[in-house]
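Asks: A single structure is presented below for examination.
The values are calculated or read from the model by the stated rules, or taken from the named source; none is laboratory data. Not measured: the values here are computed from a predicted model. Cβ coordinates were reconstructed from backbone atoms using ideal geometry, including for glycine residues, and neighbour counts include every protein chain displayed.
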Amino acid sequence: MNEGASDSRIVLSIDAMGGDHGPAAIVAGMSHFAKRNDQVQYIVHGDKAELKRLVKRHKSLAGICDIRHADGVVTMEDKPSQIVRSGKSTSIWAALESVKQGEAGACVSCDNTGALMALSMFRLRKLEGVNRPAIAILWPSRNESGFNIMLDVGADIRADADDLLKYALMGVSYARNGMGLARPRVGLLNVGTEENKGNAILKDAHDLIEKMSQSADFDFGGFVEGGDIPGNRVNVIVTDGFTGNIALKTGEGTATLISDFLREAFKYSPMSRLAAMLGYTSLNRLKKRIDPRRVNGGVFLGLNGTVVKSHGSADKLGVSSAIKLAFELENSGITEKIKARVASAAHIQHDVPQGK
């Protein structure tokens, strides 16, 4: 890196060897973001010879990249437990190590989600008071911000009432620092909005979150349903990782299906092709609004450091979006704010009767 680089720059640690499109797409995404923000520096992990060659192609990366060699590469077939035991030579391990050692504020990776989460917990450790970290994602919605936050979407399939409370608090910090919402509205995902719906864990979590909202400066909207995930009732949707992951994959599959159906419909006849041409501006606006590359990046919350998981199929724009998210969250000091928010919940007496 440049010795004269500004001390105000945010340093990001990049795992350059993950993803479907390889290092070229990741380096291109780094360049795309660097052209729009001169307050970032990178520590880049992977095949040093290849990365040096790729970085040289982008003028915007001149002097802001510290390239570090890592021999190993994590594949989608690798088991998380295997990487934790023997993955020390991998780029994903090295990228997280830079955050652990305080060299970088946040890590961005397109790698295997399970391996990234397992290694993140192993190397960075959980924040005190957090039993289970969560993966938070942005979901296109009718809210003014254009998105809602949902967590957990797959970090852990289990969650008790206390975990769901911590998810709510972490989601509120994300909404404040990542979306600029002064007083977020939180909802707890359930099979209905009535207070008598759901299992004992959800009912206990409902009472805990409602109690905490009074002192933590957020509004609790109670139970919400699946239809509220893209709605405007709340800004933060809290759920366990099993339910959240199914909802996420269902949403992605439905979006792809609708996109395919629209494409087929507009190719059906000369008139439909004409209609597509006439509606090009509106269709293009819709495409940009729901473009997953704009919000690419699931954030691992509840760790001693910021980790952003980019989608494995991300292209230049998708990687740039993940880097932007990591930059903004680190710049806001979100880890310390989540730590303080979780600590503030410690005084709550968990005396809600089980099975209420």
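Asks: Which of the residues that make up the stretch 48-82 are of a type in the set (G, A, S) and assigned to a loop (DSSP other than H, G, I, E, B)? Before you say what the answer is, go through the steps one by one.
Replies: Within the stretch 48-82, the subset of a type in the set (G, A, S) is 49, 60, 62-63, 70, 72, 81.
Passing the criteria: A62, G63, A70.
Asks: Could you list all residues from the stretch 71-93 that are touching a Gly at 6+ places or on another chain (Cβ under 7 Å) and over 19 Å from H45 (Cα atoms)?
Replies: P80
Asks: Across the stretch 154-180, what is the number of residues that are in a loop (DSSP other than H, G, I, E, B) and surrounded by fewer than 24 Cβ atoms within 10 Å (Cβ to Cβ)? Give the steps one after another, and end with the answer.
Replies: Residues of the stretch 154-180 that are in a loop (DSSP other than H, G, I, E, B), as a first pass: 154-160, 180.
So of that shortlist, the ones also surrounded by fewer than 24 Cβ atoms within 10 Å (Cβ to Cβ) come out as 154, 156-158, 160, 180.
Count: 6.
Asks: Of the conditions (1) on the phi > 0 side of the Ramachandran plot; (2) touching a Gly at 6+ places or on another chain (Cβ under 7 Å), G146 clears all except one; give me its number.
Replies: Here G146 meets the rest and fails (2).
Asks: Pairs needed: first member in the stretch 307-323, assigned to a helix (DSSP H, G or I); second member anywhere, surrounded by 24 or more Cβ atoms within 10 Å (Cβ to Cβ) and among the β-branched types (V, I, T); C-beta distance under 8 Å; at least 6 residues apart or different chains.
Replies: V319/I26; V319/V108; A322/V108; A322/V308; I323/I14; I323/V108; I323/V308
Asks: Can you name the residue in the stretch 264-306 that is among the polar types (S, T, N, Q) and either at pLDDT below 70 or part of a helix (DSSP H, G or I) (or both) and is also nearest to the chain's Cα centre (by Cα) among such residues? Walk me through how you get there before you give the answer.
Replies: Of the residues in the stretch 264-306, the ones among the polar types (S, T, N, Q) are 269, 272, 281-282, 284, 296, 304, 306.
After this cut, where a residue has to be either at pLDDT below 70 or part of a helix (DSSP H, G or I) (or both) as well, the list is 272, 281-282, 284, 296.
Working: S272: 38, T281: 30, S282: 29, N284: 26, N296: 7 Å.
Here the residue is N296.
Asks: Hey, could you check the stretch 324-345 for residues that are more than 15 Å from the chain's Cα centre (by Cα), of a type in the set (S, T, N, Q) and in a helix (DSSP H, G or I) and say which is nearest to V108 (Cα to Cα)?
Replies: Ranking the qualifying residues of the stretch 324-345, first place goes to N331.
Each row is one residue, and each column tells you yes or no for (1) surrounded by 17 or more Cβ atoms within 10 Å (Cβ to Cβ); (2) out of contact with any helix residue (DSSP H, G or I) (no Cβ under 9 Å at 6 or more places or on another chain); (3) more than 19 Å from G154 (Cα to Cα).
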| residue | (1), (2), (3) |
| --- | --- |
| I26 | yes, no, yes |
| Y42 | yes, no, yes |
| A49 | no, yes, yes |
| S89 | no, yes, yes |
| G105 | yes, no, yes |
| M117 | yes, no, no |
| L127 | yes, no, no |
| N131 | no, no, no |
